[in-house]
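Just below is one structure, and these are the notes that go with it.
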Amino acid sequence: MFSKILIANRGEIALRIIRACKELGVESVVVYSEADRGSSYIELADEAICIGPASPAQSYLNIPAIISAAEVTDVEAIHPGYGFLAENAHFAEICNDCGITFIGPRPESMKLLGDKVAARELVKKAHVPVVPGSEGKLKDEEEAIKLANKIGYPVIIKAAAGGGGRGMRVAHNDISLRGAFATAKTEAHAAFKDDAIYLEKYIVDPRHVEVQVVADKAGNTLHFYERDCSIQRRHQKLIEESPCPVIDERIREELCRAAIKVVKQAKYENAATVEFLLDKGKNFYFIEVNTRIQVEHPVSEMVTGHDLIKMQLQVASGQNIKLKQRDIKHKGVAIECRINAEDTDRNFAPSPGKIKKFLLPGGMGVRVDTHLFQDAVVTPYYDSMIAKLIVHRPTRSEAITTMKRALREFRIEPIKTTIGVCEKILSHNMYLQNKVDTSFIEQHIG
Ligand code: MV4
């Protein structure tokens, strides 16, 4: 195991990684921006280094500053958390060149899976179902039209370098497809300096289901079951749960095995999330792989009892996983609500400010991952997520009851948060009856 690592992130995930370090006997160094001075994780880490001004480009994305901090503090590894540099293959390469272990996949895996067209082709080779669509990238408009007529409308055009919902265009006929082709290509070039696009059959109102996987350097690959992340607004997840409430044991087994096949085919190491769409007929289709630990990982930790951040450190340091798949049991139901500093009456606009009152929920089956406290300041510079409230109960209905109780207990004043919206969703008949899909918020919450 490493003796000392650096955390190239902030907020709740910095604190989450520090906690794993403490339990493993690993010293932790955090880097922080001027805007984050006074944060709880700076207090709790063994060392802290200010790396620049508030702007992410000058701090949390500032590779030279982060590498310098790593050299000065003499760490053996860097954990990137999520966001910022977590999926930047160039950064992982620089870490490795400097003799610092990047706690995550090899740069080649990040490049391969970051290219969604390459990932699709790889997944097909593993005999895992992908959404019907183009072979490789689209050459021209005529190829797109021919293909769309073969597989049938609606279709969706996506950027090869995209992901997470960026650079997508839906088309319902030849005319709109011509338009979508041109805009998608221009947008992809502007956003990613790569105009490669591909086409898929558009799955109408799917559920978003993803599988948590961890692999070691020897190729031992384990899954930690699935999370249903269908409750999202504009590609920002609001509520996640495990297990997915609409699939049976047979489909769950197939889905999780498919995810393992994908990760093995990529000769991947460390933590990954394999994303699928689930259609109304309960057919699942691979869409993409996220090559990082995700915000919603606690949901999988609660239902399996395994610490995924510790496992990331263990496999990155070269330890092989001793655990067997049959030892990973799924127990009960976990739900996570993301608490964002946003004004839901003003189109979810950021709502920064000083927190005057901060009372955390607790009790049976309640976990709160947050770096905040009374008198802390929520700045406008970064992601608006300020806390994750996770519950773990024997059944879904008990988990919902506990979550509603915990949401009502939570006091964050005077800033506006998504607590109210989460309560509203958890009381909605559609949610209780498992009738939600990725269009739920738009159609029923706004
Ligand atoms: C799709 C789709 C329907 N059909 N692909 C959005 C995020 C990105 N990871 C993939 N996304 C979608 N891809 C096909 N072929 C619908 C979505 C989609 C979506 C997916 C997951 C969660 C929320 C979503 C909201 C809108 C659209």
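Structure above, values below:
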quantity: Boolean, residue 199 is within 13 Å of the ligand (Cβ to nearest atom), farther than 29 Å from residue 138 by Cα and either out of contact with any Phe, Trp or Tyr (no Cβ under 6 Å at 6 or more places or on another chain) or open to solvent by 40 Å² or more (accessible area, probe 1.4 Å) (or both); calculated: no
quantity: Residue in the range 167-190 that is within 26 Å of residue 292 (Cα to Cα), away from the ligand (no atom under 15 Å from the Cβ) and surrounded by 19 or more Cβ atoms within 10 Å (Cβ to Cβ) present; calculated: no
quantity: Flag if residue 136 is more than 13 Å from the ligand (Cβ to nearest atom) and over 24 Å from the mean Cα position of the chain (by Cα); calculated: yes
quantity: Any strands (runs of 3 or more DSSP E) falling wholly within the range 186-239 and containing at least 3 residues that are under 16 Å from residue 279 (Cβ atoms); calculated: 207-215, 221-233
quantity: One residue from 155, 123, 130 being open to solvent by less than 10 Å² (accessible area, probe 1.4 Å) and within 12 Å of the ligand (Cβ to nearest atom); calculated: 155
quantity: Residue pairs meeting the criteria (Cβ under 6 Å; at least 6 apart or on separate chains; first within 30 Å of residue 148 (Cβ to Cβ), in the range 202-226; second more than 16 Å from the ligand (Cβ to nearest atom) and of a type outside the set (Val, Ile, Thr)); calculated: 211/223; 211/256
quantity: Qualifying residues in the range 416-446 (those that are more than 16 Å from the ligand (Cβ to nearest atom) and crowded, with 20+ Cβ neighbours inside 10 Å) - the one nearest to residue 330 (Cα to Cα); calculated: 422
quantity: Selection from the range 324-363 of residues that are surrounded by fewer than 14 Cβ atoms within 10 Å (Cβ to Cβ) and within 18 Å of residue 297 (Cβ to Cβ); calculated: 329, 331
quantity: Subset of the range 212-248 that is among the charged types (D, E, K, R) and either modelled with pLDDT under 95 or over 17 Å from the mean Cα position of the chain (by Cα) (or both) - its residue that is nearest to the ligand (Cβ to nearest atom); calculated: 234
quantity: Residue ranges of helices (runs of 4 or more DSSP H) in the range 360-446 with at least 2 members hydroxyl-bearing (Ser, Thr, Tyr); calculated: 396-409
quantity: Some residue of the range 102-116 being within 12 Å of the ligand (Cβ to nearest atom) and among the hydrophobic types (A, V, I, L, M, F, W, C); calculated: no
quantity: Considering residues of the range 35-59 that are in a loop (DSSP other than H, G, I, E, B) and free of Cβ contacts under 8 Å to residues at least 60 places away in the same chain only, the residue farthest from residue 25 (Cα to Cα); calculated: 53
quantity: Single residue of the range 251-287 satisfying the filter (within 16 Å of the ligand (Cβ to nearest atom) and in a loop (DSSP other than H, G, I, E, B)) that is least open to solvent (accessible area, probe 1.4 Å); calculated: 279
quantity: Considering residues of the range 303-323 that are charged (D, E, K, R) and in a loop (DSSP other than H, G, I, E, B) only, the residue most open to solvent (accessible area, probe 1.4 Å); calculated: 322
quantity: Top-ranked residue in the range 63-111 [being among the hydroxyl-bearing types (Ser, Thr, Tyr) and outside any helix (DSSP H, G or I); ranked as farthest from the chain's Cα centre (by Cα)]; calculated: 101
quantity: Which listed residue, of 281, 353, is in the same structural domain as residue 215 (by TED's automatic domain parsing), touching a residue at least 60 places away in the same chain (Cβ under 8 Å) and over 19 Å from the mean Cα position of the chain (by Cα); calculated: 353
quantity: Matching residues in the range 40-53 - criterion: being open to solvent by 20 Å² or more (accessible area, probe 1.4 Å) and of a type in the set (Gly, Ala, Ser); calculated: 40, 48
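The values are calculated or read from the model by the stated rules, or taken from the named source; none is laboratory data. None of the values given here were measured: they were computed from a predicted structure. When we count neighbours, we look across all protein chains shown, and the Cβ atoms used for this are built from the backbone with ideal geometry, even at glycine. Each accessible area value is taken on the protein alone, full model and side chains, heavy atoms only, with ligands, DNA and RNA left out. Shrake-Rupley method; radii C 1.70, N 1.55, O 1.52, S 1.80 Å.
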